[in-house]
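Worksheet for the structure shown next.
The values are calculated or read from the model by the stated rules, or taken from the named source; none is laboratory data. In this text, all values refer to a predicted model and were calculated from it rather than measured experimentally. Backbone-built Cβ (ideal geometry, glycine too); neighbour counts: all protein chains shown.
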Amino acid sequence: MAPPVPLLAVRGSHGLTFLSGPPKCEPHSDFNRDSKVGRCFTFSKDGTLFAWSNGASISVVQVADSSVLSTVVVPKTMMIELSPLNSILATWQVYSKPQDAAQGEANLQLWDVQTGQLIKALYQKKQDCWCPSWSEDEKLCVRSVNNELHFYENNDFNTIANKLHMQKVSDYVLSPGATPSKVAVYVPGSKGAPSFVRLYQYPVLGGTSAALANKSFFKADRVSMQWNKKASAVIVTASTEVDKSGASYYGEQTLHYLAVNGETAHVQLPKRGPIYDVAWSPTGSEFCVVYGFMPAKATVYNLKCDPVFDFGTGPRNAAYYSPQGHILVLAGFGNLQGQMEVWDVKKYKQVSKPQAPDATHFSWCPDGEHVATATCSPRLRVSNGFKLWHYTGSVLHRWEVEPGQELWEVRWQSFPSETFPPKPVRYQAVPSELGSTEAAPTQAYRPPALRHLPATPSSKLHEEELPQNMRPGAAADKSKSALKNQKKREAKKAKQEVKPDPEPSGPAPVSSSSQSEPSSGDPETDKKIKNVKKKLKAIEELKEQQAAGKILQNNQLDKMTKEDQLLKELEELQIGQ
């Protein structure tokens, strides 16, 4: 049986429309466009239901035939979500409190999807963590209430089955999958005490002794916690608003790892700078981190927090794994030029390098073959539109808004993970009438006075690091960078093993041994000879680096031009001994 064709929901000032997914990208005939402007929509987790708000009411329809399942009248709805088994529709509005009322209006409602009846009305002032979190089988549900977590069982919201009360619990994440569920909780530090994240397995909650893992750390104003798909480990990105060292405008970030078996670690990142993005592979066995001052590095780590592959440096600030985990896209959006690097994860080989300038949105199609990039308002109010791509770089569909209109959101239909099995990665671009947009080679800025002169290697502003396989014993597929480093080490070792000529005919060579130099009897002359030999040794090392392919800076090239002058000076000093 052929896999289904994913749909793409598009929301903008024109209303709400459906497109049947690539490669045809045609309007979906079964869905009648809603011309009323709404603020939110969502697909169910299995993709069979679709719910949206048009500002006055919320409709839930069957995706297969667009038949209406239920309608609830909830004006000014800001957020909506469907539970994993499509039992409950959660809606949220901005909290308001009338002047003559002692308590505000309940702004979090839980509705029965089939009948449209209200199950429970709750209070949720903050938009952060507004939606309750369900286990995959809906046997457990949890929500945050006044610095504690309330747990409900079997969707019975009239009875709190359990509570987790800790001082100032500000964030939590429920593990994916069915019960028994695990929950990661974050408590910010205060009065000199460190912040900490703990993992618990329901229903054993509370206290350090009951925790599966505990990790404390300083420098954390807020955190982002991500479970892997296997629910065996959590990655925590801790951030501060201000970097007190003054090294970064973006504050300071650190990365921490917790596993349900009790193991914890501080993930060591070899380059200083912000942590832009962290993404778990859908396999759950590795994660990718994009970090460091521009040009940023990207590195894949295993569950021991050891680096597996380093992608080198580049203009990137985001990482996106395909739903099957066989392809990884590294991208530079926002204040970067939209360059994307598509990598085959199994071979760690680059597939394509397309470019999507001004993109504010990126998402993988569930089939693992196509992606969508979009320029949406209010992030950018000009050039709104979206493109559908094949991962090899071919543009399959382009849609731009009409003058005076805006695009607000695009979202793929959801599917169970086993719906689309992974296909072999192809490196040849698929045919397309719209072609592809390969990123043009970047060039360093050159002052106007130097533009008429031929370009030199020294004109580069940043030293580029090439991709490098960091797995132990991966000598068969070493990267170019690793091979260059190996050649440089071998050349240095070979030079040290060369014995000097017992009767030198010219100036004495610069020795790298630790033996003491013969004295001339004059301490001042000995000091000058030592300094000259030190400079000559530095020049020899620069020559080796240049021969190994490293690009030298201007000041290093200037040092190399003084070699003849230093040799002559050394000869005169030795003759005068």
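Side notes on the structure shown:
- Candidates are the residues of segment 395-426 that are polar (S, T, N, Q) and within 23 Å of the chain's Cα centre (by Cα); the one that is surrounded by the fewest Cβ atoms within 10 Å (Cβ to Cβ) is Ser417.
- Leu69 vs. criteria at pLDDT 90 or above and on the phi < 0 side of the Ramachandran plot: no
- If you check Gln324, Gln350 for being surrounded by fewer than 22 Cβ atoms within 10 Å (Cβ to Cβ), touching a Phe, Trp or Tyr at 6+ places or on another chain (Cβ under 6 Å) and within 28 Å of Gly284 (Cβ to Cβ), only one passes: Gln350.
- Residues that are at pLDDT 85 or above and under 27 Å from Lys191 (Cα atoms), drawn from segment 151-179: Lys163, Leu164, Asp171, Tyr172, Val173
- Scanning segment 56-71 for residues that are assigned to a loop (DSSP other than H, G, I, E, B) and surrounded by 14 or more Cβ atoms within 10 Å (Cβ to Cβ) yields Ser57, Val63, Ser66.
- In the set (1) in a loop (DSSP other than H, G, I, E, B); (2) touching a residue at least 40 places away in the same chain (Cβ under 8 Å); (3) among the aliphatic types (A, V, I, L, M), the condition left unmet by Val342 is number (1).
- If you filter segment 203-228 down to residues that are assigned to a strand (DSSP E or B) and among the basic types (Lys, Arg), you find that the one that is modelled with the highest pLDDT is Lys215.
- Residue within segment 373-390 that is outside any strand (DSSP E or B), in contact with a Gly (Cβ under 8 Å, 6 or more places away or on another chain) and closer than 19 Å to Asp277 by Cβ present: no
- Only a single criterion out of (1) surrounded by fewer than 11 Cβ atoms within 10 Å (Cβ to Cβ); (2) under 30 Å from Leu466 (Cα atoms); (3) at pLDDT below 80 is not satisfied by Pro523, namely (2).
- Of all residues in segment 270-317 being over 13 Å from the mean Cα position of the chain (by Cα) and basic (Lys, Arg), the one that is surrounded by the fewest Cβ atoms within 10 Å (Cβ to Cβ): Lys304
- Condition check for Leu388: buried (at least 24 other Cβ atoms within 10 Å of the Cβ) and more than 19 Å from the chain's Cα centre (by Cα): yes
- Condition met for Ala231 (over 25 Å from Trp111 (Cβ atoms), at pLDDT 90 or above and either aromatic (Phe, Trp, Tyr) or outside any strand (DSSP E or B) (or both)): yes
- The condition (being among the hydroxyl-bearing types (Ser, Thr, Tyr), part of a strand (DSSP E or B) and farther than 19 Å from Lys126 by Cβ) is satisfied by just one residue among Tyr200, Tyr172, Tyr186: Tyr200.
- The lone criterion from (1) under 24 Å from Pro421 (Cβ atoms); (2) at pLDDT below 90 left unmet by Phe293 is number (1).
- Residues of segment 72-103 that are crowded, with 19+ Cβ neighbours inside 10 Å, in contact (Cβ under 8 Å) with a residue 40 or more places away in the chain and among the polar types (S, T, N, Q): Ser83 alone.
- Any hit, segment 236-245, residues being hydroxyl-bearing (Ser, Thr, Tyr), surrounded by 17 or more Cβ atoms within 10 Å (Cβ to Cβ) and without any contact (Cβ under 8 Å) to a residue 40 or more places away in the chain: yes
- With respect to the conditions (1) assigned to a loop (DSSP other than H, G, I, E, B); (2) modelled with pLDDT of 80 or more, Pro507 falls short on a single one, namely (2).
- Verdict on Ala106 being without any contact (Cβ under 8 Å) to a residue 12 or more places away in the chain, farther than 27 Å from Val204 by Cβ and either among the polar types (S, T, N, Q) or surrounded by fewer than 16 Cβ atoms within 10 Å (Cβ to Cβ) (or both): no
- Residue ID - nearest to Asn146 (Cα to Cα), chosen from residues in segment 109-134 that are polar (S, T, N, Q) and crowded, with 16+ Cβ neighbours inside 10 Å: Gln124
- So Gln337, is it part of a strand (DSSP E or B), more than 15 Å from the chain's Cα centre (by Cα) and under 29 Å from Lys271 (Cα atoms): no
- Residue identified as crowded, with 19+ Cβ neighbours inside 10 Å, farther than 27 Å from Tyr321 by Cα and free of Cβ contacts under 8 Å to residues at least 24 places away in the same chain among Ala211, Ala193: Ala211
- Scanning segment 351-372 for residues that are part of a loop (DSSP other than H, G, I, E, B) and closer than 15 Å to Leu434 by Cβ returns a single hit, Ala356.
- Residues satisfying the stated conditions in segment 161-178, i.e. crowded, with 16+ Cβ neighbours inside 10 Å and under 20 Å from Ser83 (Cβ atoms): Asn162, Tyr172, Val173, Leu174, Ser175, Pro176
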